[in-house]
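A quick write-up on the structure given underneath.
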Amino acid sequence: MTSPTPQQLAQSGSLEELYGQLGAVRMGAGWAKPTPSLWAEPKKSFAPFVWSYAQAKGALDAAGRLINTELAERRNLILQNPAGDYATSRTIVAAYQMIMPGEKARSHRHTPNALRLIIDAEPGAYTVVNGERLSMMPGDVVLTPNWCWHGHGNEGRACAYWLDVLDVPLVQLLEPMFFEPHPDDFEKESVVANASPMHFSWADTQRRLAEAGARSNGAPAEISLGDPALDTMALSMIELKAGQGTPPRKVIANSVFGVAKGAGTTQAGDTTLSWSRGDVIVVPAWQEHVHRSDDGAVLFRVTDEPVMEKLGFLREGKPAH
Ligand code: GTQ
Ligand code: FE2
């Protein structure tokens, strides 16, 4: 089809004739779109969901027999929201990862920000971030911000399992994706420091939660890790003492929760999700939700609140219940 001239467009005798010519100039009548481009409030595109660590561990143990870190840059299992084929939520993807004793996973860097919550590991499991070795013990959180070199290793006797959380879906959407393998495959450890801003130990977290819990008047305590930890993701730990529940929340921020300790349930809209240590829960933005625990639990929360906040989109809704 040849491109209509301005005169041909101007002489359209009917809307149908006009619509017929617009396709060829890659224009569309905004007033006649079958689906609106604006709507009253967020659509529920992603679903609340829970992933089982026990199942992931089984699958990772099989992958440990079937694929090595020579072939696989990372031995990871992506947690795919039932609503799609890759992302866990609109902006955040989570994955379980495992590395076997004696293995090393090559160093690389990428623009997506990443962080890890360690689930099961023995002394000797580590990650190297920008030349600094950080130990990975259960409950620890380790950051690998935008463009920082990182690789993993395991000098311990047991397989190490952890949860990765990355802003890859957001980077894919905005398109500033860059990735680079390390020129030496494995980055040399060149920095020795006592404490790293990239590492939050479980011991510190427990101490801070106990202090916050003592001041919280019977409500669940929540402490933040970092301020925020990453440009695109904020991290916190929430302690539910036995019998406690969180106040209902409905917020313009996507949340991924890793169960650092204990067991409980999450009510998200009409969905009830049961979880225990190591499991992962996703609560999409604008989804009212409550967490409860009968016997006590600690939830690790990752949200895209910093993005929403910086862009002026952060809102908290009034819970219906
Ligand atoms: O450990 O560097 O789950 O680059 C996905 C991409 C983990 C990692 C993932 C990654 C990594
Ligand atoms: Fe990575």
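Quick notes
- Answer residue from the range 89-112, given it is within 12 Å of ligand 2 (Cβ to nearest atom) and among the basic types (K, R) and is surrounded by the fewest Cβ atoms within 10 Å (Cβ to Cβ) among those: R106
- Flag for V129 being within 13 Å of ligand 1 (Cβ to nearest atom), modelled with pLDDT of 95 or more and over 24 Å from L173 (Cα atoms): yes
- Only one of the listed residues (I67, I78) is over 24 Å from A193 (Cα atoms), within 11 Å of ligand 1 (Cβ to nearest atom) and of a type in the set (V, I, T). That residue is I78.
- Inclusion of A203 among residues that are of a type in the set (A, V, I, L, M, F, W, C), assigned to a loop (DSSP other than H, G, I, E, B) and either in contact with a Lys or Arg (Cβ under 9 Å, 6 or more places away or on another chain) or more than 16 Å from ligand 1 (Cβ to nearest atom) (or both) is not warranted.
- Of the residues L240, L163, L235, the single one that is within 16 Å of ligand 2 (Cβ to nearest atom) and either touching a residue at least 60 places away in the same chain (Cβ under 8 Å) or within 16 Å of L299 (Cβ to Cβ) (or both) is L163.
- Per-region count, the range 154-184, residues more than 14 Å from ligand 1 (Cβ to nearest atom), within 26 Å of R277 (Cα to Cα) and not hydrophobic (A, V, I, L, M, F, W, C): 3
- Looking only at the range 282-305, and only at residues there that are within 16 Å of D167 (Cα to Cα) and touching a Ser or Thr at 6+ places or on another chain (Cβ under 6 Å), the one that is surrounded by the most Cβ atoms within 10 Å (Cβ to Cβ): V283
- When the criteria are applied in full, A47 fails the requirement of being small (G, A, S), within 16 Å of ligand 2 (Cβ to nearest atom) and either surrounded by 13 or more Cβ atoms within 10 Å (Cβ to Cβ) or not in a loop (DSSP other than H, G, I, E, B) (or both).
- Within the option set A40, A54, A62, being away from ligand 2 (no atom under 16 Å from the Cβ) and assigned to a loop (DSSP other than H, G, I, E, B) holds for one residue only, A40.
For (1) basic (K, R); (2) in a loop (DSSP other than H, G, I, E, B); (3) surrounded by 19 or more Cβ atoms within 10 Å (Cβ to Cβ), each residue gets a yes or a no:
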site	(1), (2), (3)
R116	yes, no, yes
I119	no, no, yes
R133	yes, no, no
L143	no, no, yes
W162	no, no, yes
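- Residue match in the range 177-186 (condition: under 19 Å from the mean Cα position of the chain (by Cα) and not in a loop (DSSP other than H, G, I, E, B)): yes
- Every pair of residues 6+ apart whose Cβ atoms lie under 7 Å, when the first sits in the range 208-232 and is farther than 30 Å from P176 by Cβ while the second is small (G, A, S) and assigned to a helix (DSSP H, G or I): A221/A212; A221/G213; I223/A212
- Residue check for G151: in contact (Cβ under 8 Å) with a residue 12 or more places away in the chain, of a type outside the set (A, V, I, L, M), crowded, with 17+ Cβ neighbours inside 10 Å and within 12 Å of ligand 1 (Cβ to nearest atom): yes
- Evaluation of Y96 against the conditions (1) touching a helix residue (DSSP H, G or I) at 6+ places or on another chain (Cβ under 6 Å); (2) part of a loop (DSSP other than H, G, I, E, B) shows that the sole unmet condition is (2).
The values are calculated or read from the model by the stated rules, or taken from the named source; none is laboratory data. Since this is a predicted model, take the numbers as computed values, not measurements. Every residue, glycine as well, gets a Cβ built from its backbone with ideal geometry; the counts of neighbours run over all protein chains shown.
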